[in-house]
Each structure stands twice: as structure tokens, then as C-alpha cells.
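Structure, as C-alpha cells:
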Amino acid sequence: MDYNRWIQEQIRRLKPDLIILFAHHLFRTQDPNFGEATDYPNHLWSQAAALKAQGVPNVWIMGGIPNWEESLPHAMNFNFFNRGKPIPEHTYTYIVQDAYRQRLSK
């Protein structure tokens with residue numbers, strides 16, 4: 001039995017109130033060969049709609065994770081620690097801008 005079929009059986013059996021779809025979307029949206037006939041955003045939205053049609057009342061799409069041009073420790077060390085600046089709670093220093101700007105609009 002393939003993994004996707006097993007997941008579908010678990011959804012039917014458990015009848016969850018919430019399913020969270022999470023993926024590292026940046027790589028999928030740029031990969032034309034991710035394995036489906038449609039582009040990734042449309043595929044993702046159609047999967048969410050199919051889950052709702054199966055009776056799942058809440059389907060959340062989450063992701064992606066931040067990506068840095070340099071490693072996050074390097075960004076913190078080079079831009080803050082070595083310059084005597086406090087390490088911030090949040091920063092966009094060295095973040096890959098395409099990943100930050102990307103949206104799975106619908």
C-alpha cells in the first residue's frame with residue numbers, strides 16, 4: 001500500500017477536525033517535475049479542497065521555513081556580535097528574498 005493511500009485511510013478512520021499541510025514550498029514551486037500534472041500552488045489548493053470535501057472542517061496550509069543566503073549563525077556573528085550590537089529577536093538579515101516574498105495566493 002502506498003503512503004498516500006494509507007494517509008487517506010487514516011483520515012477516513014480518525015475523522016480529524018484539523019489537518020495541517022506543511023511543506024518547504026519554495027523548492028516545490030520552482031520544481032516543474034514535482035510529480036503532479038498541475039503547478040504546485042494549484043495542486044496544494046486542490047488537495048486542501050479535496051480534504052474539505054471529504055468532511056475535514058479545517059485545513060491549514062503552512063510553510064515555508066526561512067532560508068538564508070549565508071548560515072543564520074554567520075549572519076548573527078558577522079552583523080551583530082562582531083560589531084558589538086545586540087542580537088535581535090527577529091531579523092531579515094541575509095534572508096533569501098524570493099522565499100520571503102513568495103505567496104501561495106488563492
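Where Lys and Arg each count +1 and Asp and Glu each count -1, what net charge lies around Asn58 among other residues with Cβ under 13 Å from its Cβ?
+1
Roughly speaking, what is the stretch gain from Trp68 to Gln54, that is 0.36 nm per residue apart minus the C-alpha to C-alpha distance, in nm to one decimal?
Fully extending the segment from Trp68 to Gln54 adds 1.2 nm.
For Leu21, list long-range residues whose amide hydrogen, built 1.01 Å from N in the peptide plane, is under 5 Å from its own amide hydrogen.
The answer is Trp60, Ile61, Met62.
Every read-out reported here was derived from the displayed coordinates using simple, explicitly stated rules and does not represent laboratory data. Note that the structure is a prediction, hence the values are computed from the model and not measured. Counting neighbours? That spans all protein chains shown, and the Cβs are built from the backbone with ideal geometry, glycine included.
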